[in-house]
Amino acid sequence: MKVKVISVLEDNYMYLVIDEQSKEAIAIDPAVPHRLLEIVSREGVRLTALLTTHHHWDHARGNDALVKELPELRVYGGDDRIPGLTDKVTHGQELKFNAINVRCLFTPCHTSGHMCYFTWEDDCTDSPAVFTGDTLFIGGCGRFFEGTVEQMYHNLTEVLGTLPLDTKIFCGHEYTIKNLKFASLVEPENEKARDDDDKPTVPSTLLEEFEYNPFLRLSEESVQKFTGKTDPIEVLRVLRKEKDNFKKPKERVLPHAMLALEWGLLRP
Ligand code: GBP
Ligand code: ZN
């Protein structure tokens, strides 16, 4: 199983997953059809299915054009708002595309019909992979547009957090640098939360995420201290609220500098 990572639009990822034996492939969130088709033909593979994580246009808007081009395509997803949907999937449902196995994981909250897709290959020693759309990012998580903190807690701890630790994480957006800036604000003492530019983008692994992603570290004392809460759901609620407001890190520093000036601690 080979995963081609394709950067599109401002900061989205779409993915082409290839079964090298059969030369058949499936795509995850193919938002820019002509880019996908270019790669499909360059790789010499046959595209058989689209897996859509959620209905947002920057993930799902390519479906119609692809189905027009390749009318046999199956379109999987968990939300009726997904264009071209042919197969609505449910939690735990397993799909098979030659040697590629997919388990659908229902993770509502970013949108009410969000699905993640856990994949592994038959008779293969490779690590499994999970396509997390806008539920889990490298170093962060998705906004709660259509769901509750309780749902995201369940998604992060029970659904994604219990996958094998070596599972590769392929997410829907490249937000890593900004997420790690927030992570090092939450846990300044956590070496792993540093916002070095050479930090991995996709894929990371679940084990790595447990080391620096504050949204998967709700029981850590440092994260509890930052949020002023101990109940993990409350910790998550505060973390998400802080991240929603975490726009321009410099603005957070500025008021302190102004105060220091006022107090005569700094020379203008
Ligand atoms: C930033 O802060 O860098 N660019 C901004 C954030 C996923 S995309 C943009 C943002 O809010 N991104 C969404 C998110 O969940 N971010 C996690 C975070 O900020 O921590 N989207 O494109 C977003 O889902 C969208 C599309 C949203 C259609 C609503 C509709 Br309707
Ligand atoms: Zn989204």
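Rule-based calculations on the coordinates, nothing more; no lab input. Being a predicted model, the structure only gives us computed values, none of them experimental. For neighbour counting, all protein chains shown are included, and Cβ atoms are generated from backbone atoms with ideal geometry for every residue, glycine included.
Quick one: length gained pulling ARG46 to GLU146 fully straight, 0.36 nm per residue minus the C-alpha distance?
Values: separation 100, 0.36 × 100 = 36.00 nm, distance 3.51 nm.
This chain segment gains 32.5 nm when fully extended.
Projected label points at THR125 and LYS241, each 7 Å from Cα along the beta carbon direction, are separated by 5.0 nanometres.
The stretch between GLU221 and ASP196, if pulled fully straight at 0.36 nm per residue, gains 6.7 nm over its current Cα-Cα span.
Given axes a ≥ b ≥ c from the Cα gyration tensor, I'd like to know whether region 176-224 is rounded (a/c under 1.5), prolate (a/b larger than b/c) or oblate. Oblate is the answer for region 176-224, as a/c is 1.5 or above yet b/c matches or exceeds a/b.
So what is the relative contact order for the chain, in percent, with contacts set as C-alpha pairs under 8 Å and at least six apart? Before the final figure, lay out the partial values.
Values: 531 pairs, mean separation 30.9, N = 268.
Relative CO of the chain lands at 12 percent.
Would you order HIS59, HIS114 from fewest to most other beta-carbon atoms within 10 Å of each residue's own beta-carbon?
Ranked by crowding around the Cβ, least crowded first: HIS59, HIS114.
For region 52-80, there are no residues whose amide N sits under 13 Å from a probe point set 7 Å from the Cα of LYS181 along the beta carbon direction. Annotation: for a label point projected 7 angstrom from Cα along Cα→Cβ of ARG74, residues of region 29-59 with backbone N closer than 14 Å are 47-52.
Remark: SER204, SER112 ranked as SER112, SER204, counting other beta-carbon atoms within 10 Å and listing the fewest first. DSSP assigns beta bridges within region 8-108; of those with both partners inside it, close to 50 percent run antiparallel.
With a 10 Å radius around each residue's Cβ, average the other Cβ atoms per peptide and rank 45-57, 81-93, highest first.
Working: 45-57: 22.8, 81-93: 15.9.
Ranked by mean Cβ neighbours within 10 Å, highest first: 45-57, 81-93.
Report the relative contact order of region 45-176, percent, no decimals, based on alpha-carbon pairs under 8 angstrom and at least 6 residues apart.
Answer for region 45-176 is 20 percent.
With a point put 7 Å past each Cα toward its Cβ, work out how far THR162 is from ASP64 in nm, to one decimal. The modelled label-to-label distance comes out at 3.9 nm.
Which of the peptides 103-109, 150-156 is most tightly packed, and how do the rest follow, going by the mean number of other Cβ atoms within 10 Å of each residue?
Numbers: 103-109: 22.4, 150-156: 20.3.
For the peptides 103-109, 150-156, the packing ranking is 103-109, 150-156.
Its DSSP H runs of at least 4 residues, each contributing -39,500 (n - 2.57), put the calculated 222 nm mean residue ellipticity of the chain at -8500 deg cm²/dmol, to the nearest 500. The modelled label-to-label distance between PHE210 and LYS88, using points 7 Å beyond Cα along the C-beta direction, is 3.6 nm.
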